[in-house]
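Scroll down for the structure; my scribbles are underneath it.
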Amino acid sequence: MNFFVENLPYILAGISVGGQYALIAIGYTMVYGILRLINFAHGDMFMVAGLVMVYLAASLPVYIAIPIVIVFTVVLGCTIEVVAYRPLRSAPRMSIMISAIGVSYLLQNTALYVTGGLTQTYPTIPWLAKTVTVFGAHTKMVTLITPVLTIALVIALVILIKYTKIGMAMRAVSRDFETSQLMGIDINRVITVTFIIGSFLAAIGSILYFSNYTGVMPTSGSMPGLKAFVAAVFGGIGSIPGAVIGAFIIGICENIIKGMELTVFSNAFTFVLLIIILMVKPTGLFGEKNIDKV
Amino acid sequence: MTELTKRNKSILSVIVCAVFLAAVYIGDMLVPPTSGMRMLFTVLEKGSVYALVAVSMNLLNGFTGLFSLGQAGFMLIGAYIYAIFSIPTAMRDSVYQYFEGGLIKFSVTENLGNALGTVMGDFGVMLGEHIGMIFLMLCAGILTAGVAALIGLPVLRLKSDYLAIATLGFAEILRAFFQWKAAGPITNSSNLLRSYTTYETPLFPVIAAGLCIAFIVLLINSSYGRAFKAIRDDEIAAEAMGVNLFKHKQMSFIISSFFAGLGGALLAMFQSSVASTPFTSNMTYEILLIVVIGGIGSVTGSIIGAYLFVACSEWWLRGLDSGAFLGISAGFMRPGFRKVVFAVIIMCIVLFYSRGIMGNKEFSWEGLVGFFKRIFSGKKKTSEKNHKTNTDKEKEAR
Amino acid sequence: MSKENVLRVSDITMQFGGVVAVDDLSLEVNKGEIIGLIGPNGAGKTTAFNVITGVYAPTNGAVELNGEIIVENCPQGKMKTLYKGKNNGKYKDVKVLTPDKITKLGVARTFQNIRLFKGMSVFENVLVAMHMNLESGVFGAAFRSGKAKAEETAMREEAMRLLKMFGLEKNKDDLATSLPYGKQRHLEIARALATKPKLLLLDEPAAGMNPQESAELMHLVEKIRDEFDLSVLMIEHHMQVVMGICERIYVLDYGALIAQGNPEEIQNNPRVIEAYLGVDE
Amino acid sequence: MKKKLALLLVLVMLFTLFAAGCGNTDEGGDKVVKIGVFEPATGDNGAGGKQETLGVQYANSVQPTVEIGGETYTVKLEIVDNESSPEKGVSAAQNLVTSGVSIILGTYGSGVAIAAGKTFSDAGVPAVGITCTNPQVTLGNDFYYRICFLDPFQGTVLANYAWEQGHTKAYCLNKMGDDYSAGLVNYFSKAFEELGGKVVKEEFEQGNADFAANIATAKKNGCDVFFAPVSTEAAALIIDQADAQKIGMPLLAADTWDSNVILGAAKGTDLEIVVTTFYQEGGDETFDKGVKAWIEGDSTNLANNGGNSEIAAVTAMGYDAYFLALEALKAAGSTDPAKVQEVLSGVTYEGVCGKIVFGENGDAVRDMAVVKKCNTTDGVWEFVSNQYVK
């Protein structure tokens, strides 16, 4: 029992951070599934959502600030798509990836300028930040909420993709970009919807993540972003349940490693995992095999 | 219309290079260390280092089509190898203050300097140190290349975007390793390395980077360079034409890393102290942006891009941070504004001018002449820029 | 069998998931022959090429080049249960050479949807194909050692000879993709020949050409065969071309071989007519 | 068209930049002496660097002129941002040196100070470290002086304090790649173990935000004091997690934690936070009042100080450093950096943080550190004791 109580905090932290990675990872996996683009700016959008929340909450009550943050993030996500990715749709893959890195660079530097390089303390969302006791281990409420909320959102998303018309269009586009265009699917609309969903989830993820780890700085988004991407690859890029499971696995493993007092290698572990999975099963846990046409 | 013959062109290039180097040497002697013009030399030194690293990245990204983001990690290895083996023995206890002077108890540059010093006096010390420096730079490159070869084995089999993430990941792992406490007796873990031998004249990095870049140019123009470009253009066709994909990718990766490591060693000399913290993915992104600004697939472009980037970010744009720029002063100009402006410029280049400064073309005397002709026949406002790029171009070893 | 055999494809089956793209295909090419491989769209012709050149590993079957096995495979992993083809168990070994090794052994190809090196000049496109025979190492090549220089000069001369033969010498320094379509096809063939092949695989070389150009192409192919002393296997839709120069023809439909023989036999084969008419409808 | 427009834009920008690079004309009629302020405004140490700069700026507003060799000079501050990065720091330092400064103050964060040291000594411009506590800053560099105490001293003071409070097992946390926290942890654990205590050490990676595991580990190992002399960025996160997990042991840290960020994060929690530092509010009435009014009077200053007017010790140190620099200029009787360098080792100054006398290696002789504790209900620092090393 004692052993359990001692180690429970790691597991709790792992599940919670895993859920937050999952919400970011979905954005990566969906965009990658459709555009074959690693949206390097996605992690930074997550950071911007956190910053906007900081500034809004300074003058508005939290329950008003939250919806505004979500709307803002969604608008930002779509703007990035329209401004930085859409013009390069027919350009080589590398150009669009460079554009993504450029956007990430811009967002980080703008955040640096706005915050003046100071860490901003995330506002306390009363209910989420409350400390609770689980089997003798103390933690924040958000730790318990995250996995539940994540799974609920994912189920909703899967239903959306399976049973709605736009969901069908998304699946079609991710299967074959050109053909679905010929079939009369409005590609741009599908991509916009993808970015809306991705940004929406990133905003939610950002609220949960920063409620737990309350400092927002310009680089806050890059590491969670990278890890979420690894999670997406791990689960099989393009697969939403895959991304979620991958994210939970990474979150939990990372914290177990920290619990074993190997903190030094908790980030390294993520990348080692990435390389191993790419070697052994490049399509990830649930990914489908793609064959290049010759 | 005076047509330049090939012979005349190479004579011209040699003269321009010699004049340029002489100018740097004399300038370095004449300009006092606190003069405003001194920044020119700082930019020249750092720009040369970045030019070399950018060209090495371009070899990989622009000429072989491998989107690798591990450059900062490789520079880190090079910088550390160089620094670790050139700290004088007397300084080791103070540098490795938490690790009882570290594991390595000798200094290559110092030992060589002393050895030759006993034979040839002061000149021998200097000669020995320089031989040591060059030897260590090569070691830095070779060891980096060795690490790259190991990393390349799994990573180079991946597709483009996975390759990018995997190399980025490896760079992070490398950094974590260098900061690891257990590696402290060698790497000094979290503490920086300092007091090692560095160059004394700005000519050193310029010449070193110049020679390395010249080698890369020669390589690109050889049959191997063509094979690299073939892989970039169409992997399947390249393979069908008998180009061994893995072998050539590995080759390009190793060569690129060799020069990244060597560039790291040069950067260590420029900085005169090395810490592992700045070698993050952000550094890789900056180098990538230099390549993009210059033009993916153009060596000249990368060189020009490097000097412009360093000059802008470290010198010209500083005014934007301090609140006074070109006589304009405004409240919104506070620390960080420079970087925003910079990022916006870069996004403009990426979106509207994606070919960069040079596209995939290289410098040629005809091109330069044509460029001037166009300038004098019409546009006038570019003359300043023109002047600048001209001096940069002169560096290009043909 | 008086003629020397160059290529022997035995019982090749290529299955993607549940789809059988090539079904138990066997064919032979002898020295000096020009062989046609025809069939309606989607019949698996290009897939067969990809198997022969090592781009895809077949699910089952083997390929021999000059009596030496270059590709052999049998169903593995999930394919063991999914496999729908024939001759399961006949092949035991697993040997799939990479495309570059197969090219080195003397198989060169062109592509249906032209795959020239976009960023390189016409001349360079041809030079790349000679790279594999380069003996000098990286350093030799970069530092222009005597040997490397000699090799480079020889390569350049050879490339020029090929370009002249295809009437491309004037476009030598143009960007490959700036050439007109027909010339791009010619360049692809020139590039393939630069690898010094014993067997040339042409994937729809006459696609998009008018009858006159096609006729010229036919002569060119024959000329190449004689001059370079090689065998040709070609996929072609222009019946005029195929019937005009091919000594034997293989017909594929839905991945399977439905007929083989000389042009007259094929022209009169009811199954072939059926297969083609079915498509025309 | 769009392309041409963008090209034009870029060209115009480059042109103006070039003009900016060359046309550095700010020679006024008055005699001007320049003091360089080499501080981070961005990056990991941005918060501290800004507060330190505030001290210098405030001092400059109090005393904008100086008498050198019988003439009155206006003091102009040349402030550059070294981005908390040893790599960018070198060229930032070069910028400063080439702008014609007579003496340089800074920087917060020893790593950057060490990196820039060579640039300063090559140029022959003396520098005065304000709060860079790593011994290596001044070691072997005749041009670098410093007015604060050193890490070995601070680490030992903290270890003594912890031991005196009856703690026997310490959890030490430092950031990888950060020489400051690594150094302090090293000295602290050495001293603490010599006293008979036990130490558990862990590190975390740059950019890490998740300290839940570290706190759990500290609890699991039965530690009774949590020593984390890290930057304020990480500190705020640690405090938050410590509160959420009910850490149940005091948090101990060094001068970096003496910041508004910590006060803000700790307010409303029931944590015990103890730090050592250079100055405690109330040490000098006039200075306190003046600097508070000055900070409150300007929104930029207020923002740079973290949103309120609590005085950070580094601000007081910056203030002292400025006046020390003026003393040095007076003593030199010239604006020539070489002259300033000659006299600097002999300059003394009685500042708000105590008397500054340079001793060995150009380090100020200091034998006392202020220990203060965070009052978490009001969010202010409370003086605990002056701690000396025996």
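Beta bridges per DSSP, both residues in the protein assembly as shown: antiparallel share near 55 percent. Qualifying GluC sites (Glu not before Pro) in the range C:1-110, where qualification requires a DSSP coil assignment and no more than 16 other C-beta atoms within 10 Å, comprise C:E4. Distance between the 7 Å Cα→Cβ label points at D:Q165 and C:N210: 9.4 nm. Calculated mean residue ellipticity, 222 nm, chain A: -24000 deg cm²/dmol, from DSSP H runs (n ≥ 4) at -39500 (n - 2.57) each, averaged per residue and rounded to 500. Scanning chain B for chymotrypsin sites (Phe, Trp or Tyr not before Pro) that sit in a DSSP loop and have at most 16 other Cβ atoms within 10 Å, the longest stretch containing none of them is B:107-331.
Of the residues D:F227, D:C374, B:I349, the one whose Cα sits farthest toward the positive end of the charge dipole of the protein assembly as shown, with +1 on the Cβ of Lys and Arg and -1 on the Cβ of Asp and Glu, is B:I349.
If a/c stays under 1.5 just call it rounded; otherwise compare a/b with b/c (prolate if a/b is bigger, oblate if not). Do that for the range B:254-319, with a ≥ b ≥ c from the square roots of the Cα gyration tensor eigenvalues. Judged from the Cα gyration tensor, the range B:254-319 comes out oblate (a/c at least 1.5, b/c at or above a/b).
Taking R0 as 35 Å, what's the FRET efficiency between C:E135 and B:A23 from their Cβ-Cβ distance, rounded to 0.05? With a Förster radius of 35 Å, E is 0.20. Taken about its Cα centre, the range C:114-196 carries a charge dipole of roughly 160 debye when the Cβ of each Lys and Arg holds +1 and the Cβ of each Asp and Glu holds -1. For chain A, build the charge dipole from Cβ charges (+1 Lys, Arg; -1 Asp, Glu) around the Cα centre, then report which of A:L107, A:G184, A:M260 sits farthest towards its positive end. After comparing all options, I get A:G184. Shown here for the range C:83-113: trypsin sites (Lys or Arg not before Pro) in loop regions (DSSP other than H, G, I, E, B) with at most 11 other Cβ atoms within 10 Å, namely C:K92. Using a 7 Å offset from Cα along Cα-Cβ at A:L262, what residues in the range B:163-202 end up with backbone N under 19 Å from the label point? Output list for this probe position: B:169-184.
In this Cβ point-charge picture (+1 for Lys and Arg, -1 for Asp and Glu), chain C has a dipole of about 1000 debye about its Cα centre. In a fully extended conformation the segment linking A:Y163 and A:S90 would gain 23.2 nm over its present Cα-Cα distance, using 0.36 nm per residue.
Roughly speaking, what is the centre-to-centre gap between the range D:114-162 and the range C:1-58 when only Cα atoms are used, to the nearest Å? For the range D:114-162 versus the range C:1-58, the Cα centre distance is 76 Å.
The alpha-carbon of D:K198 sits under 26 angstrom from the alpha-carbons of these lysines, leaving out residues fewer than 8 places away in its chain: A:K258, B:K181, D:K169, D:K175, D:K190, D:K219, D:K220, D:K246, D:K372, D:K373, D:K390. GNM, chain B, Cα, under 10 Å: largest mean-square fluctuation among B:L317, B:L266, B:L174? Maximum among the listed residues: B:L317. Overall, the range A:22-221 carries a charge dipole of about 280 debye about its Cα centre when +1 sits on the Cβ of Lys and Arg and -1 on the Cβ of Asp and Glu, all other atoms neutral.
The alpha carbons of chain A give a radius of gyration and a Dmax of 18.9, 63 Å, in that order.
Note on chain B: GNM, Cα springs under 10 Å; of B:G301, B:G36, B:G141, the largest mean-square fluctuation is that of B:G36. Between C:S178 and A:I196, the modelled labels are 4.6 nm apart [label points 7 Å from Cα along Cα→Cβ]. Volume per residue for the protein assembly as shown equals 197 cubic angstrom (convex hull of Cα atoms). Loop exposure criterion: trypsin sites (Lys or Arg not before Pro), DSSP state outside H, G, I, E and B, at most 10 other Cβ atoms within 10 Å. Applied to chain A, the longest stretch between such sites is A:1-288. For chain D, complete DSSP H runs whose alpha carbons reach 27 Å or more along their own long axis and whose mean Kyte-Doolittle score is 1.0 or higher are D:2-22. Estimated from helical segments only, the mean residue ellipticity of chain C at 222 nm is -10500 deg cm²/dmol, where each DSSP H run of four or more residues counts as -39500 (n - 2.57). GNM on chain A, alpha-carbon springs under 10 angstrom: the most fluctuating residue among A:L12, A:L273, A:L35 is A:L273. Rg ratio for the range C:114-196: its Cα radius of gyration over 2.2 N^0.38 Å, N being its residue count, equals 1.10.
Applying 1/(1 + (r/R0)^6) with r as the Cβ-Cβ distance of D:K373 and B:N114 and R0 = 41 angstrom yields a FRET efficiency of 0.15.
The GluC sites (Glu not before Pro) of the range B:98-150 that meet both conditions, a loop assignment by DSSP and at most 14 other Cβ atoms within 10 Å of the site Cβ, are B:E100.
In chain D, helical runs assigned H by DSSP with n ≥ 4 each contribute -39500 (n - 2.57); averaged across all residues and rounded to the nearest 500, the mean residue ellipticity at 222 nm is -14000 deg cm²/dmol. Placing pseudo-labels 7 Å out from each Cα toward the beta carbon at B:T89 and C:Y254 gives an inter-label distance of 8.4 nm.
Between the listed residues A:L60, A:N39, A:L144, the Cα displaced farthest toward the positive end of the dipole of the range A:22-221, a dipole computed from Cβ unit charges relative to the Cα centre, is found at A:L144.
Would you mind getting me the FRET efficiency between D:E342 and C:K149? Use the beta-carbon distance for r and R0 = 56 Å, nearest 0.05. Once the sixth-power term is evaluated, E becomes 0.35.
FYI, it's all coordinate maths here, none of it is from the lab. Because the structure is predicted, anything quoted here is derived from the model rather than measured. Virtual Cβ from ideal backbone geometry, glycine too; neighbours counted across all protein chains shown.
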